Amino acid sequence: MIKQIVKILAFPFIILVRFYQVAISPYTPAACRFEPTCSHYTVEALKKHGIFKGGWLAIKRILSCHPWGKSGYDPVP
């Protein structure tokens, strides 16, 4: 029951990321160093782990996406 509530709380954040993917991302240069991209990773992490753990994973991923960070295939754990 609690897992369902946490996942429901993640839904508005998933909508925000989807909005970014549709309305903003197509007009910016592709710069993500990872596969899947950071926005797809965020949606998957929120769906799989909920708002708290999924949000933490997404924040860590976004902060590591810079020219001096890692790159390559990095799936949601």
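The values are calculated or read from the model by the stated rules, or taken from the named source; none is laboratory data. Keep in mind that this is a model prediction, so the values were computed, not measured. Here Cβ is always computed from backbone atoms with ideal geometry, including for glycine, and neighbour counts include all displayed protein chains. Heads up: the accessible areas ignore ligands, DNA and RNA and are worked out on the full protein's heavy atoms, side chains in. Shrake-Rupley method; radii C 1.70, N 1.55, O 1.52, S 1.80 Å.
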### Query
Is it true that some residue in region 65-75 is outside any loop (DSSP other than H, G, I, E, B) and either within 13 Å of the chain's Cα centre (by Cα) or charged (D, E, K, R) (or both)?
no
### Summary
Here the qualifying pairs (Cβ atoms under 9 Å; residues six or more apart or on different chains; first in region 12-24 and at negative phi; second open to solvent by 90 Å² or more (accessible area, probe 1.4 Å) and part of a helix (DSSP H, G or I)) come out as ILE14/LYS47; VAL17/HIS40; GLN21/HIS40
### Query
Which residue out of LYS53, LYS7 is open to solvent by 100 Å² or more (accessible area, probe 1.4 Å) and either assigned to a helix (DSSP H, G or I) or of a type in the set (A, V, I, L, M) (or both)?
LYS53
### Message
Among the residues of region 19-50, what is the count of those that are in a helix (DSSP H, G or I), open to solvent by less than 90 Å² (accessible area, probe 1.4 Å) and either over 16 Å from ILE62 (Cα atoms) or touching an Asp or Glu at 6+ places or on another chain (Cβ under 6 Å) (or both)?
### Response
5
